[in-house]
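A short worksheet on the structure shown next.
The values are calculated or read from the model by the stated rules, or taken from the named source; none is laboratory data. All values reported here derive from a predicted model rather than from experimental measurement. Because the Cβ atoms are built from the backbone with ideal geometry, glycine has one as well, and the counts that use them run over all protein chains shown. Heavy atoms of the whole protein, side chains included, go into the accessibility calculation; ligands, DNA and RNA do not. Shrake-Rupley method; radii C 1.70, N 1.55, O 1.52, S 1.80 Å.
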Amino acid sequence: MASTMLWASRAASYLRISVFHRGFSTVLKDLKYADSHEWVKVTGNAATIGITDHAQDHLGDVVYVELPEVGAAVKQGDSFGAVESVKATSDVNSPVSGKVVEVNEELSSSPALVNSSPYEDGWIIKVEMNDAAELKNLMDSEKYSKFCEDEDSKH
Amino acid sequence: MPACIHELFVEFIVSVYHRHHHTYMHAFGIGLTGLVVALGYLMKQKNHHISLPLQLLLPRRFGITDSSFYVCGPALKDIKGKSPSLKFERRKKNTRPGILVRQLHIEEQLLRTSSENWCIINDGTNDPTIVMGFSGKPAELLEIESVLHDQVPVIRRFTGGGTVIVDHQTIFVTFICNKETVPDLQPYPRPIMSWSSSLYSKVFGGIGDFHLRENDYVFGNHKFGGNAQSITKNKWIHHTSFLWDFDVRNMAYLKLPKLAPAYRSARGHLDFICRLKDYMPRSTFIDKTVEAAGTQFSLRSLELEAVVTCSETEFRPSTRFLTNEELAAAAAAVSEQQLGLP
């Protein structure tokens, strides 16, 4: 998908036409979502975090992922790392507060996993949460889908 | 029977109104709506920068006697929509690469800690300096041996994008905006790039077949402007290095990048890039850029000291020089890899 999008982008550029992103994004039911387009999968006190399909689609081909150190503290809403896509670095913000217990080292050699598998192989960090009550500040899949539709329709 | 002509006329008007008042009311409503829409359009055309504040910074000397800064920054939003006046101060050219790092530190700090919108226009440095993007790998992008031999400074900046070698001929233009500042603009790389292109289209106005091509500013298919961005939760920065002129010898420090745009078609540096000075006088370019910014923002001046000293956060910028040791280690790692050594 990423290479297809790249070809389409280059063809569009040669023809000097705008490239439009897809009209829809995949949203998974069992995840929680932040308004900065990160997802979190919670199992007990453990949280797996990544960016959504909507985000990766809008960012373009990811060429680099800046990962935090294991053991670093993260706070809900604050940046913990970044992704680079073509000319831009974009902050990735944590949907929950806690401590980083694992980072996805695969992304160092295969950053495009964020594009091709944003909810599975493209996960970015795993966190031991310190305040499960914060989850209520996040959106469920239905609200997030609506949020994305509203955001895209305004532009 | 009416007693006089005017009574007859009034009776006629009243009778017509009673018969056709619905039609008249509809026509009146449509006409009034049209008038309001037309007035609103005209006002928007005339005052389209009302809602977009941009302050102007008066540059501050950083202890260097001949630094060069055009700076304009955003204005505090005036609820009544009045635009404050614009002031500029021209500084002389930079002499040290340290000023370039300081410039990038300021930009990064404004992005991370300021709630205002900014535009900064700056000249380059006297000494050629290499500026790599966020994830740039020196061994892939630079002729490290030559860089080390000639002691060319290498900076890693906080924004994405590729590698440039800048000198006193380069012009830098930076926009730092809150994500809701530009109406209908999604805070993602491609929309921001497209917005910037439309702004510069006003600057070049058809000169030299200017357009945005795969994230580069080109005349025809020759690049003269490189772009880079950084996007946070609530703000974004888009900055451009314009090749006003360049010394061909400096291109020898750069390798052909692996991730090159398709339109480059494997052309060497000198066949790929062109000089902005061949298309527009320097002062005209800067004036027209400010003018273009003024069509979308209301510009206001501010003392740079106030910006720098008012920062209440202990901000640590990520932009920095790469050391000789880092560059040498990068070169050594590649050599070992090529030799098949662990």
Problem - Breaking point among (1) under 13 Å from the mean Cα position of the chain (by Cα); (2) within 9 Å of another protein chain (Cβ to nearest Cβ), for B:Q186 - result: (1)
Exercise for the section: Determine whether A:E102 is in contact with a Lys or Arg (Cβ under 6 Å, 6 or more places away or on another chain), away from chain B (no Cβ under 14 Å) and charged (D, E, K, R). Expected result: yes
Practice task
Answer with yes or no whether B:S197 is more than 9 Å from chain A (Cβ to nearest Cβ), among the polar types (S, T, N, Q) and within 19 Å of A:S85 (Cα to Cα).
Solution key: yes
Exercise for the section: Within the range B:126-148, identify whether any single residue is within 14 Å of chain A (Cβ to nearest Cβ), β-branched (V, I, T), within 20 Å of B:Q229 (Cβ to Cβ) and in contact with a His (Cβ under 9 Å, 6 or more places away or on another chain), and answer yes or no. Expected result: no
Practice task
Would you be able to say whether some residue in the range B:217-235 is among the aliphatic types (A, V, I, L, M) and either over 14 Å from the mean Cα position of the chain (by Cα) or more than 14 Å from chain A (Cβ to nearest Cβ) (or both)?
Solution key: yes
Practice task
Would you kindly identify the strands (runs of 3 or more DSSP E) lying entirely within the range B:147-265 that contain at least 2 residues that are crowded, with 17+ Cβ neighbours inside 10 Å, at pLDDT 90 or above and of a type in the set (G, A, S)?
Solution key: B:222-231
Exercise for the section: Starting from the range B:198-218, take each residue that is within 20 Å of B:D287 (Cα to Cα) and list its partners that are in a helix (DSSP H, G or I) and open to solvent by 50 Å² or more (accessible area, probe 1.4 Å), counting only C-beta distances under 6 angstrom and pairs at least six apart or across chains. Expected result: B:V203/B:K288
Problem - Of residues in the range A:23-81 being over 30 Å from A:K154 (Cα atoms) and either among the charged types (D, E, K, R) or touching a Cys at 6+ places or on another chain (Cβ under 6 Å) (or both), the one least open to solvent (accessible area, probe 1.4 Å) - result: A:E66
